[in-house]
């Protein structure tokens, strides 16, 4: 299933530097490539781009994400797909291809490419908002990750009076992903402050059970052309199918697309558990107790359509006597060898989680026989990974002095 809703994409550039110790011994799987999301912290599966005709250009970002630190270079193609806005008449984007390096930490230098789109500023009064799509395709050395396709909205600025409009008449949001952001544009004259009201009309979706939203108004400052309406989607456990509601604009200055139907995509039809993979520690390896790969536990996750929402780790110490103990944040706690104590991990990006450990006692020449690290992921539909696979998410290792 494809996550179909687009939300906001911003253009801010942020660079972070990869610590020198992290470029080592990484070769688990290829990374994935998608379009970057905005605002920071918002779900990166959601994206849209927009510009007024007089903006000159707008930029979209291609990001290598959910990477395994392999360090390999991947490539991906990009292009524009015409809709009501036409390449060459309303905007100009030459199709191309770009190469991206790993993305250990979000927006590491070399892991993204910012591509400008020229906006054609004509003197013709057109529909308030026209739309095309930015699309990624044909990745090599990686897979595509949502969003790999996002709308580009172009706002007309030639009319003598202001007109308020949505960018599209249909939007969809998987219930796993929380906030829906619907852009509202002001076309034509934007020289003074203006206001448009909005209201929600449930269809098969029920306010309070399936979503939460309140009617209201958007006030545009002088020169402002885009604001958003937000509603919260309820991630329940009921298998109920997709449900819909309408969001309506009202007021004398409304034109173009005055109503948008929002489809809330049910995730309970997804019964497959997500998958996780320990990047390190690796199976059947011996590490020095000072090795950073024992101090930072790395886990990569994968799931579609519901999306991983948490990842956990469990660390077992097995003694030569046969007794076991499980890590409990402040130290090991004795317990049955087959009963993991799961601990939440820190999310670095949508598919990369880490956990920081203190130094472990050696297992060579000591009463400790070995250690085993486990990982598991859970998705937005409530599916929890349960299959422990040796060499994948159940890795046994030893520690030297």
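The values are calculated or read from the model by the stated rules, or taken from the named source; none is laboratory data. Computed from a predicted structure; not experimentally measured. Ideal geometry is used to build each Cβ from the backbone, glycine not excepted, and the neighbour counts take in all protein chains shown.
Taking the stretch 365-401, which residues are in contact (Cβ under 8 Å) with a residue 60 or more places away in the chain, closer than 15 Å to residue 314 by Cβ and not in a strand (DSSP E or B)? Listed by number, the residues that qualify are 385, 386, 387, 392, 393.
When the criteria are applied in full, residue 317 fails the requirement of being in contact (Cβ under 8 Å) with a residue 24 or more places away in the chain, loosely packed, with under 13 Cβ neighbours inside 10 Å and either within 16 Å of residue 394 (Cα to Cα) or not assigned by TED's automatic domain parsing to the domain that holds residue 36 (or both). Which of the residues spanning the stretch 221-256 are in contact (Cβ under 8 Å) with a residue 40 or more places away in the chain, more than 23 Å from the chain's Cα centre (by Cα) and more than 16 Å from residue 172 (Cβ to Cβ)? Scanning the stretch 221-256 gives 225, 248, 249, 250, 251, 253, 254, 255, 256.
Note on the stretch 198-220: residues that are assigned to a loop (DSSP other than H, G, I, E, B), without any contact (Cβ under 8 Å) to a residue 40 or more places away in the chain and surrounded by 15 or more Cβ atoms within 10 Å (Cβ to Cβ) amount to 1.
Does residue 362 qualify as being surrounded by fewer than 19 Cβ atoms within 10 Å (Cβ to Cβ), out of contact with any strand residue (DSSP E or B) (no Cβ under 8 Å at 6 or more places or on another chain) and part of a loop (DSSP other than H, G, I, E, B)?
So residue 362 fails the test.
In the stretch 310-329, the condition of being part of a strand (DSSP E or B) and modelled with pLDDT under 90 is met by at least one residue. A single member of 68, 43, 83 is modelled with pLDDT of 80 or more and either exposed (fewer than 14 other Cβ atoms within 10 Å of the Cβ) or not in a strand (DSSP E or B) (or both), and it is 83. Of everything in the stretch 141-165, what is farther than 20 Å from residue 191 by Cα, assigned to a strand (DSSP E or B) and over 14 Å from the mean Cα position of the chain (by Cα)? Give them in sequence order. Selection gives 142, 143, 151, 152, 153.
I'd like to check something: does the stretch 336-356 contain any residue that is surrounded by 15 or more Cβ atoms within 10 Å (Cβ to Cβ), part of a loop (DSSP other than H, G, I, E, B), in contact with a helix residue (DSSP H, G or I) (Cβ under 8 Å, 6 or more places away or on another chain) and at pLDDT below 95? Scanning the stretch 336-356, I find no residue that is surrounded by 15 or more Cβ atoms within 10 Å (Cβ to Cβ), part of a loop (DSSP other than H, G, I, E, B), in contact with a helix residue (DSSP H, G or I) (Cβ under 8 Å, 6 or more places away or on another chain) and at pLDDT below 95, so the answer is no.
Just one residue in the set 207, 189 is modelled with pLDDT of 90 or more, under 28 Å from residue 53 (Cβ atoms) and in the same structural domain as residue 172 (by TED's automatic domain parsing); that residue is 189.
Counting the residues of the stretch 71-80 that are closer than 14 Å to residue 152 by Cα and either more than 25 Å from the chain's Cα centre (by Cα) or at pLDDT below 90 (or both) gives 0. Every condition in (1) under 17 Å from residue 389 (Cα atoms); (2) at pLDDT 90 or above is met by residue 303 except one, and the failing one is (2).
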